[in-house]
Amino acid sequence: MNINNSQLLRFTTAGSVDDGKSTLIGRLLYDSKSIFEDQLEAITNTSINKGHDGVDLALFTDGLKDEREQGITIDVAYRYFTTPKRKFIIADTPGHIQYTRNMVTGASTANAAIILIDARHGVIEQTKRHAFIASLLQIPHIIVCINKMDLVDFKEEIYDGVVAQFEEFSSKLLVKDIRFIPISALLGDNVVHRSENMPWYQGGLLLYTLETIHISSDINKVDARFPVQTVIRPQSAEYPDYRGYAGRVASGVFRKGDEITVMPSGFTSKIKTIDTIAGELKNAFAPMSVTITLEDDIGVSRGDMIVRSNNKAEASQDIEVMLCWLTHLPAKPASKYTIRHTSNEQKAIIKEIVYKIDINSLSRLPNEKELRMNDICKARIRTTKPLLIDSYRENRITGSIILIDDDTNETVAAGMIV
Amino acid sequence: MNKYFLNYLDELESESIYVLREVWAQFQNPVILFSGGKDSIVLTHLAKKAFFPSKIPFALMHVDTGHNFPETISFRDELVKVMGVRLIVGYVQDSIDKGRIAEEKGKNATRNALQITTLLDTIETNKIDCAIGGGRRDEEKSRAKERFFSHRDEFGQWDPKNQRPELWNLFNGKHFQGEHFRVFPISNWTEMDIWNYIKREGIQIPSLYYAHEREVVWRNDSWIPNSEFLILESKEKTYLKKIRFRTLGDITITGGIESEADTLEKIVQEVAAMRNTERGNRSDDKRSDTAMEDRKRQGYF
């Protein structure tokens, strides 16, 4: 592969128990020749010991001891494979236990989601949940794989029926790009190689789709946002007065000479240099890590945000978020949490739970006020000082928060700013 | 091609730099766990980029089993000098002398598992609240479940079933006194990515990674280097072979592969054509199916 024009694509896989998700991942890795011989040998031996017919590709994704013993996936696992066109990171999320927590985690960084549906069962409640979470987390591309086509004699009308079911439901969701592919993960049909059993399907194969989905425009290129992580001050003989602001561009493009404003102070200046160890850059865009120096000596520290003066983030102490509760302990009403938003940290109170969402029917439950693990709600939060926010729909980095419980230090909630 | 296009290696680099800067901002006394292997070398290189033009603000910490390749130690000392960083060494021999741990016995005895005690003791003595490691998720199945910011309790233990969820790029390094974090900035890199990066950046690595002639013994399906620490059985013979190492650990457990790859170009080509995982030559991972997970739970790297 040519490094210089090869991109990274992160995708998540969601499916219910037994709909062949592990088999599909195993198939992708196997057919793209990403499984090593010693790994294949190990799962071949296990398959024989367990009495399976042939090699059980699903075994490849087993990780922890408990998972192997219980035959389930407990936690998000990350897998990697590369084709001549792209490098892929798979966030493999379990279908049942703690599904919301794990899928939200995997979805948060994904460019694409694969949602698996068993052709025999069609759209079920879990499918709706997965699609809802994918849309809530604003995964730009959703690929719906209708799996186990071999078990329905590769019939086109069954596939069409499932597609119609999904489309009816997904019209209520905010997803930009949905595609459908009929596959058999077990036999490999339409995963990497075109199926001879389904000549009626002429669309893209799964791997081809993953390799060619256009992802460059998924990143917000308009709103220039640079959350400052740390200040670089060498105070060395070579760089006695250097003062650089280190961070990763969250969105947009910064150019040398740009008029900028530091939020929340409101001080203005111009970008003097954009530095990396390899030398100065003319511009920096998301998701590059750079160091910015300014023309004027103004106080900037971690938690501040550099923006272009003609396009500022909103500074607000009262924010509305879609909140996912991630921990066994229910939310404590009116108690304080630490809120983290980009590199900024404040205290926060959950002022109000506006409504909870019944994740199966997508209906709002305005009278339910208790937040438990895996619940999703709309909430109002007040922070001690203003956060510098954008809506999550416009900006996944400056539009997301987590809540941390000060008593346990655990991450208890993930939020998307409305 | 799009003007604002970042290739995957640049994106991985940017992600790692972001993580290293978060460590610096969130912890009091972080160190880089340095083994002398390619991953910790790349990590150190990334730290240099992250804080340029400042020096690397972390000390390097090495757990010295005493069973080293001499090349590793001289490489380490040279790097410390060039980078101008502090070096902290924890000696497994000290832990043995103090009676904290006992040597394994027999032909296949190693000091691999003994490192855990020395590692945790060194972290505690130096009041380290974050140990940055070069672990990668593609290395091994239990590592596939590892977080970027991975919590360790006051006993240094990892609880894989009870990890903090990690969303977007919001890392939570909060911890109580006596607990610490392991942070893995190159989690998302694969072996191939590491080699492509070393080649692209022209990063210096120990000569052991290049094909060279060495006296070796065939044991546990790989070529183990002969050394003063190796107990040879009467029927075992030594051979002179042209080999190189895919990973570097203790000299007693690191198996080499026969290779002609004596340049980075050739190594990258060779790795791309490899049909076995890199840790397949590590006898520490072969002890059981869950050898890595078991050690990680106790506090291993």
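Relative contact order for segment B:113-209: 35 percent, from Cα pairs under 8 Å spaced at least 6 residues apart, divided by residue count. According to the Cα-based calculation, Rg over Rh for segment A:1-51 is 1.09, with Rh computed by the Kirkwood formula. Residues within the reach of a label modelled at B:Arg100 (point 7 angstrom out along Cα to beta-carbon, backbone nitrogen below 18 Å), restricted to segment B:111-138, are B:111-132. Normalised by the number of residues in segment A:255-382, the average gap of Cα pairs under 8 Å and 6 or more apart makes the relative contact order 22 percent. Label point of B:Phe176 set 7 angstrom out along Cα-Cβ; within segment A:395-411, amide nitrogens under 15 Å from it belong to A:405-411.
Taking a straight line from the alpha carbon of B:Lys98, these aspartates and glutamates sit under 20 Å away, with near neighbours fewer than eight places off in the same chain left out: B:Asp64, B:Asp121, B:Glu124.
Give the value in nm², to one decimal: projected area of the alpha carbon convex hull of segment A:115-215, averaged over all directions.
That works out to 6.1 nm².
Binning the alpha carbon pair distances of chain B at 10 angstrom intervals from zero yields the distribution 6, 27, 37, 23, 6, 1, 0, expressed in whole percent.
Each Cα pair under 8 Å and six or more residues apart adds its separation to the average, and for segment A:242-282 the resulting relative contact order is 30 percent.
Taking the Kirkwood radius as Rh and the Cα radius of gyration as Rg, segment B:205-281 has a ratio of Rg/Rh equal to 0.96.
In this label model, B:Glu260 and A:Glu280 are separated by 4.9 nm, measuring between points 7 Å along each Cα→Cβ vector. The alpha-carbon of B:Lys141 sits under 16 angstrom from the alpha-carbons of these lysines, leaving out residues fewer than 8 places away in its chain: A:Lys65, B:Lys161, B:Lys286, B:Lys296.
Note on the protein assembly as shown: with charges restricted to the Cβ of Lys and Arg (+1) and Asp and Glu (-1), its dipole about the Cα centre is near 1360 debye. Overall shape of segment A:3-218 was characterised from the C-alpha gyration tensor. The equivalent ellipsoid obtained from it has semi-axes of 24, 20, 19 Å, in decreasing order.
Mind checking which aspartates and glutamates have their Cα closer than 17 Å to the Cα of A:Lys356? Skip sequence neighbours fewer than 8 apart in that chain. Correct list for A:Lys356: A:Glu320, A:Glu368, A:Glu370, A:Asp375. Averaging 1/r across all pairs of distinct Cα atoms in chain A and inverting the result yields a Kirkwood radius of 23.4 Å.
Compactness of segment B:156-301, taken as the C-alpha radius of gyration over 2.2 N^0.38 Å, stands at 1.27.
When chain B is described by a simple charge dipole with +1 on each Lys and Arg Cβ and -1 on each Asp and Glu Cβ, the residue from B:Ala272, B:Gly106, B:Gln163 located farthest towards its positive end is B:Gln163. Relative to its residue count, segment B:101-185 spans a Cα convex hull of 122 Å³ per residue.
Whole-Hz Karplus values for segment A:157-164 come out as 5, 5, 4, 4, x, 5, 4, 4 Hz, taken residue by residue from phi with 6.51 cos²θ - 1.76 cosθ + 1.60 and θ = phi - 60°; glycine and proline positions read x.
Between the beta carbons of A:Glu168 and A:Arg364, assuming R0 = 25 Å, the FRET efficiency works out to 0.80 to the nearest 0.05.
In this structure, A:Asp18 and A:Ser236 have a Cβ-Cβ separation that, at R0 = 35 Å, corresponds to a calculated FRET efficiency of about 0.05. Ellipticity at 222 nm from helices only: DSSP H runs of n ≥ 4 in the protein assembly as shown, each -39500 (n - 2.57), divided by the residue count, give -7000 deg cm²/dmol.
Taking a ≥ b ≥ c as the square roots of the eigenvalues of the Cα gyration tensor, the protein assembly as shown is classed as oblate, since a/c reaches at least 1.5 and a/b does not exceed b/c.
Structure note, pairs B:Lys49/B:Lys174; A:Lys33/A:Lys87; B:Lys105/B:Lys235; A:Lys270/B:Lys55; A:Lys336/A:Lys378: Cα-Cα distances above 21 angstrom occur for B:Lys49/B:Lys174; A:Lys270/B:Lys55.
For segment A:225-308, count all C-alpha to C-alpha pairs, find those more than 19 Å apart, and express that count as a whole percent of the total.
Value for segment A:225-308: 27 percent of Cα pairs lie more than 19 Å apart.
Projecting label points 7 angstrom from Cα along Cα→Cβ for A:Leu151 and B:Asn162 puts them 3.7 nm apart.
For B:Asp77, put the label point 7 Å out on the Cα→Cβ axis and report which residues of segment B:20-36 keep their amide N under 19 Å from it. Under 19 Å, as judged by backbone N against the label point of B:Asp77, lie B:34-36 of segment B:20-36. Of all DSSP beta bridges located in the protein assembly as shown, what percent are antiparallel, nearest 5? Of all bridge pairs located within the protein assembly as shown, approximately 70 percent are antiparallel. Panel values: segment A:314-417, Kirkwood radius from alpha carbon pairs, Stokes-Einstein at 10 °C and 1.306 mPa s, translational diffusion coefficient 117 µm²/s. Length gained on full extension, A:Asn49 to A:Asn197, computed as 0.36 nm times the residue gap minus the Cα-Cα distance: 50.1 nm.
With both labels modelled 7 Å from their Cα along Cα-to-Cβ, the B:Lys107 to A:Asn310 distance reads 7.7 nm. Principal axis extents of the C-alpha atoms in segment A:323-375 (largest first, rounded to whole Å): 36, 21, 20.
Apply the Karplus curve 6.51 cos²θ - 1.76 cosθ + 1.60, θ = phi - 60°, to the phi angles in segment A:139-150 and return the couplings in whole Hz, x for Gly and Pro. Taking θ as phi minus 60°, the curve returns 5, x, 10, 10, 10, 8, 9, 8, 9, 6, 4, 4 Hz for segment A:139-150.
A short reminder: the numbers here are calculations on the coordinates, not readings from a lab. Please read all numbers here as calculations on a predicted model, not as lab measurements. Neighbour counts are summed over all protein chains in view; Cβ atoms, including those assigned to glycine, are modelled from backbone coordinates with ideal geometry.
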